Amino acid sequence: MEKREITFTVEKGGLRLDKVIRDRVPDLSRTQAQRLIATNAATVGGDSHKPAYRVKLGDRVTVVLPEEKELEVLPEPIPLDVIYEDAHLLLVNKPSGMVVHPAPGHPDGTLVNALLAHCPQIAGVGPSDRAGIVHRLDKGTSGLLIVAKNKTVLDALQKQFKQREVAKTYLSLVEGRVQPPEGIVEVPVGRDEHHRQKMAALRSGKYARTRYRVVESFADHTLLEAYPHTGRTHQVRVHLAWLGYPVVGDTVYGRRHQPLLQNRHFLHALRLCFTHPDTGKEAEFEAPLPVELTAVIEYLSPSS
């Protein structure tokens with residue numbers, strides 16, 4: 001893989017260079033940032049500095065990341081819930097707990113490993129560790145994912161996502177009774193400045209828009225559909241938490257302990273509507289709710 005070069009303009013002066021780089025390049029640790037600075041792979045306006053250099057507002061920082069070695073990803077006979085499949089693509093219902101593609105800490109047991117066993121032809125569709133993957137879902141989120149079987153379809157579908165032409169519907173159970181019953185959240189989302197593994201509603205973040213609609217209200221919870229217009233990391237979870245209605249079971253943005261749901265959060269990618277790259281026709285698919293989420297709704301229902 002080719003080296004990646006990232007250039008950005010400093011928006012807040014007075015911070016250490018290594019900290020700024022760590023915050024702006026989420027894949028890097030502070031130690032890795034310091035190593036890049038020491039080897040002149042990270043510069044300010046083309047000049048070398050020490051990690052403790054205090055950046056100035058408007059400084060232009062360039063970071064050259066080293067080449068990444070592609071992981072060897074092996075097929076694994078992991079069962080897949082295939083919602084639809086043809087010669088060009090397939091849609092799978094990803095279970096909660098499954099990571100989409102291999103990464104440090106998750107070398108196997110991923111959706112890509114399962115897909116390579118189910119459909120070996122996708123091995124050359126995109127990077128080897130993300131073969132066929134058009135878009136992603138969080139590990140704890142279940143639901144629909146589109147997988148491309150050839151590069152032409154991959155490029156066409158990724159273009160649709162980039163241009164926000166894919167209609168996405170998520171079903172979520174949240175804490176509290178949501179008011180008003182319909183609304184739009186337009187709050188920028190960015191990397192949390194203090195916890196790099198988290199996202200947050202930040203003025204300096206990227207534009208993010210989510211529409212929601214209440215489906216059913218319970219005594220202390222609300223079942224709703226969320227329609228993210230943009231695709232920021234953790235967007236739906238961050239926006240609902242920002243409204244004051246965190247997703248049930250979300251230990252990152254909501255309550256750490258609650259009795260309703262264990263080992264996952266109640267967020268399910270329910271529906272996708274897109275243009276089929278081969279036929280040019282609108283295609284819409286839906287993934288049924290997993291039994292563990294259905295059980296929660298039945299428990300909360302007054303008729304149960």
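Shape class for the range 229-300, computed from the alpha carbon gyration tensor (a ≥ b ≥ c): oblate, with a/c not under 1.5 and a/b at or below b/c.
Once the 1.4 Å probe is applied to the protein heavy atoms, the range 1-113 comes out at 58 Å² accessible per residue. Within the chain, DSSP assigns beta bridges of which about 95% are antiparallel (rounded to the nearest 5). Under 18 Å between alpha carbons, and skipping anything fewer than 8 positions from K12 in its own chain: which aspartates and glutamates qualify? Filter leaves D23, D59, D192, E193. Placing unit charges on each Cβ (+1 for Lys and Arg, -1 for Asp and Glu) gives the chain a dipole about its Cα centre, and among F274, P290, L243 the Cα reaching farthest toward its positive end belongs to L243.
Of interest is the spacing of the C-alpha centroids, which for the range 252-269 and the range 79-145 amounts to 23 Å.
Farthest towards the positive end of the charge dipole of the chain, among the residues T152, S204, A131, is the Cα of S204, using unit charges on the Cβ of Lys, Arg, Asp and Glu. Tell me, what % of the accessible area of the range 93-234 is carbon and sulfur with a 1.4 angstrom probe? Exposed carbon and sulfur together represent 48 percent of the surface.
Converting the Cα gyration tensor eigenvalues of the chain into ellipsoid dimensions via √(5λ) gives semi-axes, longest first, of 35, 27, 18 Å. Here L74 and Y299 are evaluated by their C-beta separation; at R0 = 41 Å the FRET efficiency comes out at 0.55.
Taken over the alpha carbons of the range 185-255 as equal point scatterers, the Debye sum produces base-10 log I(q)/I(0) values at 0.16, 0.24 Å⁻¹ of -0.53, -1.09. Using the 1.4 Å probe convention, the accessible area of the range 191-302 works out to 54 Å² per residue with neighbouring protein chains retained.
Would you please give the residues with an amide H less than 5 Å from that of R211, counting only those at least 5 places away or on a separate chain, with H modeled from the backbone geometry? It is V185, Y227, H229, by chain and number. Helix 151-162 and the longest principal axis of the Cα set of the chain meet at an angle near 90°.
Take 197-203, 151-157, 263-269, 89-95 and order them by the average number of nearby Cβ atoms within 10 Å per residue, most first; the result is 263-269, 89-95, 151-157, 197-203. When +1 charges are put on Lys and Arg Cβ atoms and -1 charges on Asp and Glu Cβ atoms, the dipole computed for the chain relative to its Cα centre reaches about 1440 debye. In summary, the aspartates and glutamates within cross-link reach of K159, defined as a Cα separation below 16 angstrom excluding same-chain residues under 8 places away, comprise D278, E282.
Mean residue ellipticity, 222 nm, helices only, the chain: the sum of -39500 (n - 2.57) across DSSP H runs of n ≥ 4, divided by residue count and rounded to 500, is -5500 deg cm²/dmol.
Rounded to the nearest 5, the antiparallel percentage of DSSP beta bridges internal to the range 143-294 is 95%. When the chain is described by a simple charge dipole with +1 on each Lys and Arg Cβ and -1 on each Asp and Glu Cβ, the residue from V189, G14, L224 located farthest towards its positive end is G14.
Per the Debye calculation on the range 151-279 with a single equal scatterer at every Cα and no solvent contribution, log₁₀ I(q)/I(0) for q = 0.09, 0.11, 0.17 Å⁻¹ amounts to -0.28, -0.42, -0.91. Counted over the range 57-176 with a bin width of 10 Å, the fraction of Cα pairs per bin, in whole percents, is 12, 40, 30, 13, 5, 0. Pairs from the list K19/K50; K19/K139; K50/K198; K94/K281; K139/K168; K19/K56 with a Cα-Cα gap above 22 Å: K19/K139; K50/K198; K94/K281. Using Cβ point charges alone (K and R +1, D and E -1), the dipole size of the range 146-292 about the Cα centre works out to roughly 620 debye.
Overall, the anisotropy analysis places the range 2-46 in the rounded class: the square-rooted eigenvalues a ≥ b ≥ c of its C-alpha gyration tensor yield a/c less than 1.5.
Summing +1 for each Lys or Arg and -1 for each Asp or Glu among the other residues whose beta-carbon sits under 13 angstrom from that of E225 gives +1.
Here the convex hull built on the C-alpha positions of the range 117-181 has a volume of 115 cubic angstrom per residue.
The values are calculated or read from the model by the stated rules, or taken from the named source; none is laboratory data. All of these numbers come straight from a predicted model, not from anything done at the bench. Virtual Cβ from ideal backbone geometry, glycine too; neighbours counted across all protein chains shown. The area values use the complete protein model at the heavy-atom level, side chains included, leaving out ligands, DNA and RNA. Shrake-Rupley method; radii C 1.70, N 1.55, O 1.52, S 1.80 Å.
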